[in-house]
Structure formats: structure tokens, C-alpha cells
Amino acid sequence: MNYNVAIVGATGMVGRKFIEVLEERNFPVENLYLFASKRSAGSKILFSGKEFEVEELIEDNIKNKTIHFALFSAGGDISLEYAPVFAKYNAVVIDNSSAWRMNPEVPLVVPEVNPEDIKWNKGIIANPNCSTIQAVVALKPLHDKYGVKRIIYSTYQAVSGAGMKGYSDLEEGLKGAAPKKFTYPIANNILPHIDVFTENGYTKEEMKMILETRKILHDDSLKVTATTVRVPVYYGHSESINVELKREFSLEDIFQLYKNFKGIVLKDDVANLQYPMPIDAAGKDEVFVGRIRRDFSTDNGLNLWVVADNIRKGAASNAVQIAEYIINECK
Ligand code: A2P
């Protein structure tokens with residue numbers, strides 16, 4: 001069977017990647033419907049060698065169609081308003097915004113980590129934050145075997161995570177232009193500030209990592225802290241993850257776990273200067289893990305360096321993998 005797929009935010013950074021990934025992975029698309037704001041209505045986007053016209057996102061353009069999957073990336077407000085509309089017309093919505101992630105009625109899913117949560121969806125499934133996705137993929141084999149007790153995240157995040165405007169701030173900033181998206185220049189700079197600040201001094205991005213990690217790993221008592229930082233890289237988020245495990249481990253076993261885990265590429269051979277970098281991960285769907293070493297300052301402590309393409313595994317590919325899982329496993 002082939003499926004009718006809608007993309008909401010089709011002209012955006014992640015929206016365009018949804019289309020590319022569907023094509024690349026040979027997703028069984030029968031009809032493709034593209035939605036964006038009124039500004040983009042009538043513009044054309046290529047999919048599988050054919051041009052598709054972008055439609056304005058209004059209910060009248062939705063209700064006359066049969067849509068099996070709706071992949072959303074048009075910001076939280078659009079998701080809050082329109083995800084229930086698509087769900088009402090029987091689509092399964094996979095939403096890349098933060099709008100629904102912490103809603104107890106909505107599963108928050110990374111297929112390598114908690115695919116079992118897909119089954120209890122009521123029409124909306126949330127795609128986690130890009131930084132959370134790659135982190136929980138790296139933590140999953142450790143959590144299953146040794147139990148995770150405490151996590152310290154420090155991130156180095158690419159500008160594409162802030163959409164087309166974030167990308168353009170770096171591109172134009174390198175030519176001397178003033179920033180339009182970020183508060184300060186990102187060219188030749190780093191910003192310890194992603195999303196807005198909350199009352200407790202953490203940014204919303206940091207709180208997303210903390211709360212989403214607990215929800216995906218099904219452990220509300222997990223101790224997590226995070227510092228999230230924007231760096232002048234176009235694609236690929238990097239993360240230092242310091243993790244304290246519940247039980248003793250051997251480093252040999254950790255290497256073995258990563259060698260065998262689907263979706264992870266182990267790149268750790270410091271004798272030959274091999275470690276993950278954004279230029280390795282850009283354009284790929286795997287999560288790259290390296291710099292694995294014991295944290296000698298605590299019991300059962302471990303340091304990891306984790307890199308992934310934030311627009312692919314951190315957004316579009318994860319959403320398409322959720323849809324593939326539904327097709328293949330939830331018949
Ligand atoms: P548009 O290009 O018409 O503004 P990014 O995250 O790269 O900035 O992309 C945001 C996406 O969300 C774009 O596709 C954008 O469409 C879409 N979008 C923004 N506002 C609306 C809206 N009011 N209705 C539908 N789509 C919207």
C-alpha cells in the first residue's frame with residue numbers, strides 16, 4: 001500500500017528535508033500535499049522528479065483530502081492549532097515542534113529508543129528536540145544494561161537548528177552583516193543561549209533536554225542538567241555527555257555495546273586521531289559516538305562525545321522513521 005503524506009511547513013529548513021528524506025528512503029508515497037503560509041501558496045517544490053504546488057494551510061485545504069501521515073515543522077503555534085485538525089481527519093501527525101512533547105496524552109518517540117510508545121498515540125506523535133534525539137540514542141544501550149543515574153549535557157549546536165534565518169545569520173554574518181535571528185553575531189562567536197530564558201535561569205532548550213530525556217527513558221527521577229550553546233557550524237550538533245551509571249562497567253563492554261547498536265556509528269580511535277565531528281555527521285542519519293573514556297572523578301562515570309545531523313536524525317529522518325515504524329510494525 002502507498003500513503004498520502006502532508007508536509008506542514010514544506011518551505012522551511014526541516015520541511016524541505018522531510019521531502020528529501022521521503023524520496024531518499026523510498027517512502028511509499030501515493031500523494032504528497034505541501035502546506036505553508038499564504039506567502040508561499042502557489043510556489044513549486046520538486047519531489048521524485050515531479051513539481052508539487054504549495055497550498056495555504058487552512059482547514060478548507062485539508063478536509064477534502066485523505067491524509068495518512070502529516071509531518072509538521074512550522075513552529076509551535078501552528079502545531080497547536082493544526083495538529084488536532086489533521087488528527088480529526090484521521091491523519092497521524094508527527095510533529096517536530098515542542099508544542100505537544102510534554103503532553104501526557106502524546107508519545108515522544110525516538111524509534112531506536114522507545115518505539116513501543118508509538119502504539120498508544122491518539123493521532124499526534126511528537127518528535128523530540130534535536131539535541132535530545134541524538135543524546136538518548138547514545139544513552140539507550142547504557143541505560144538498558146547499566147542504568148543511567150545522572151547526566152550532564154553540554155551542547156555545541158549548529159545554526160540550522162534555528163531554521164533558515166539561523167543559517168542565514170551565519171552565512172551573512174561571515175560577510176559582515178548584523179544578525180537578524182540571533183541576539184548577537186554568531187559568526188566567529190558562540191552563544192550560550194538557545195531559545196528563551198526561563199525563570200530558573202535555564203534556557204527553554206536546556207529544559208527541553210532535561211524533561212524530554214526523562215520522558216523518553218521513562219524515568220522521572222533521572223538527574224539531568226544541561227548547558228546548550230550555539231556555535232558557528234551549519235549542520236551537525238555536537239554534545240559532551242557526562243553520565244553516571246548505576247552499576248560498574250568495563251570500557252571494553254561499552255565499546256562493544258556501541259559497535260552492535262543499530263543507528264550508532266562508533267568512531268573512537270584516538271591513537272589514529274579518529275573522533276566524531278559535524279563534518280562526518282552532516283547528511284547522515286546515524287548518531288556518531290566517540291571520545292569514550294572513564295570519568296575518574298566519580299563512581300561509574302563515563303564521558304562521551306556525540307554528534308549527529310540535527311536536521312536529519314535530529315528532525316526529519318526521525319519523523320520519517322516513526323512513520324516507517326507505523327507502516328511496518330503497527331499493522
Ligand atoms: P513560509 O515559507 O510560507 O513562511 P523555518 O523553520 O525554516 O523558518 O520554516 C518555517 C516553516 O513554517 C516554513 O515552511 C513557513 O512557511 C511555515 N510557516 C510559517 N508561518 C506559517 C503559517 N502561518 N501557516 C503555515 N505555515 C507557516
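All of the numbers you see were taken from the coordinates with simple rules; none came from a lab. Just so it is clear, the model here is predicted, and its values are computed rather than measured. Reconstructed Cβ throughout: ideal geometry from the backbone, glycine too, with neighbour counts over all protein chains shown.
For the stretch 1-149, what is the relative contact order in percent, using Cα pairs closer than 8 Å and at least 6 residues apart in sequence?
18 percent
For K122 paired with K284, estimate the spin-label separation in nm (one decimal), with each label point 7 Å from Cα along the Cα-to-Cβ line.
The modelled label-to-label distance comes out at 4.0 nm.
Rounding to the nearest 10 and keeping the result within 0 to 90°, find how far the Cα-based axis of helix 13-24 lies from the longest principal axis of the chain.
Helix 13-24 sits roughly 90 degrees off the main axis of the chain.
What number, in percent, do you get for the relative contact order of the stretch 131-310 if the mean sequence gap of Cα pairs under 8 Å and at least 6 apart is divided by its residue count?
The normalised contact order for the stretch 131-310 reaches 28 percent.
Could the peptides 302-310, 278-286 be put in order, highest first, of the mean number of other beta-carbon atoms found within 10 Å of their residues?
302-310, 278-286
Enter the angle in degrees (range 0 to 90, nearest 10) between the Cα long axis of helix 130-146 and the first principal axis of the Cα atoms of the chain, meaning the one along which they spread out most.
50 degrees
How long is the gain from E105 to N4 if the chain were fully straight, where each residue apart is worth 0.36 nm and the alpha carbon distance is subtracted?
33.9 nm
Could you put L46, L273, L191 in order, starting from the residue whose Cβ has the fewest other Cβ atoms within 10 Å?
L273, L46, L191
Kindly write out, for the stretch 258-264 in residue order, the coupling ³J(HN,Hα) from the Karplus curve 6.51 cos²θ - 1.76 cosθ + 1.60 (θ = phi - 60°), rounded to whole Hz, with x marking Gly and Pro.
Whole-Hz 3J(HN,Hα) from phi for the stretch 258-264: 6, 4, 9, 8, 5, x, 10.
Between the alpha-carbon centers of the stretch 261-331 and the stretch 61-84, tell me the distance in whole angstrom.
29 Å
Please compute the volume of the convex hull spanned by the alpha-carbon atoms of the stretch 131-310 and report it per residue in Å³.
Expressed per residue, the convex hull around the Cα atoms of the stretch 131-310 is 126 Å³.
Leaving out same-chain residues fewer than 8 places away, which lysines sit with a Cα under 23 Å from that of K63?
Counting by Cα, and skipping residues close in sequence, K63 has these lysines nearby: K38, K44, K88, K122.
Along the charge dipole of the stretch 192-329, Cβ charges K/R +1 and D/E -1, which of L257, M277, V196 sits furthest on the positive end?
Positive-most Cα among the choices belongs to M277.
On a 0 to 90 degree scale, rounded to 10, what angle separates helix 163-173 from the longest Cα axis of the chain?
The angle comes out near 70 degrees.
Where q = 0.07, 0.14 Å⁻¹, what log10 of I(q)/I(0) comes from the Debye formula for the chain, counting one point per Cα?
-0.28, -1.12
Taking every DSSP beta bridge with both residues inside the chain, roughly what % is antiparallel (nearest 5)?
50 percent
Taking Cα pairs under 8 Å and at least six residues apart, what relative contact order does the chain come out at, in percent?
Rounded, it is 17 percent for the chain.
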